[in-house]
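The values are calculated or read from the model by the stated rules, or taken from the named source; none is laboratory data. If you're wondering where the values come from, they're calculated on a predicted model, not measured in any experiment. Positions of Cβ are generated from backbone atoms using ideal geometry, with glycine treated the same way; all protein chains shown enter the neighbour counts.
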Amino acid sequence: MALLLCLGIRKGELIAAKWQEFDFDKTLWHIPEERSKTGKGISVPLAPIVMEWLKELKIRAYGSEFVFPNRRASIRFGHISPDTINAAIQKLFRQEKMAVPHFTVHDLRRTCRSLLAKEGVLGHVAERCLNHKLKGVEGIYDRYDYLDERREALGIIAKLVSPLIE
């Protein structure tokens, strides 16, 4: 969940991530177009703490091609099921460990976007962090990917979130 919050990505993009998509030297994750809701691939900048988490996950993946490998033999997925994170959240609710009345995985994207706004990140940069297409004339003419700006913005979120995780 920390990765979803710090990267502003969609659940499906993360659970099916393969190690080959990550460039640890450039601290980038290249989400391919076939797994991107917009139909266009995107490079997601990775903050230093996110890199630490990924290195730990790579050890735990034990040679799997997936960041989150399925722990059981599955015909459908080599990675965890799309329902795994939802089930974990529901379990926390049943155990009364959630301090909010309602919560879904998608709320992490909403929280990321809200934190970006609160920290003063420009709207068009925040929208690109979430891999949203820019709207209207701006979306037609503005083809810049804002990689450096997104790196700075997502770094801010990671610094806010990481003390709560560690």
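For residue 12, are the conditions met, namely being modelled with pLDDT under 95, of a type outside the set (Asp, Glu) and assigned to a helix (DSSP H, G or I)? So residue 12 passes the test. No other residue among 52, 96, 119, 56 is of a type in the set (Asp, Glu) and under 15 Å from residue 17 (Cβ atoms) apart from 56.
Restricting attention to region 11-31, the residues that are under 17 Å from residue 150 (Cβ atoms) and either crowded, with 21+ Cβ neighbours inside 10 Å or out of contact with any His (no Cβ under 8 Å at 6 or more places or on another chain) (or both) add up to 8. If the condition is being among the hydrophobic types (A, V, I, L, M, F, W, C), touching a Phe, Trp or Tyr at 6+ places or on another chain (Cβ under 7 Å) and either assigned to a loop (DSSP other than H, G, I, E, B) or closer than 21 Å to residue 29 by Cα (or both), then region 62-97 contributes 67, 80. Take the conditions of a type outside the set (Ser, Thr, Tyr) and in a loop (DSSP other than H, G, I, E, B) and apply them to residue 125. Does it pass? Judged against the criteria, residue 125 is not a match.
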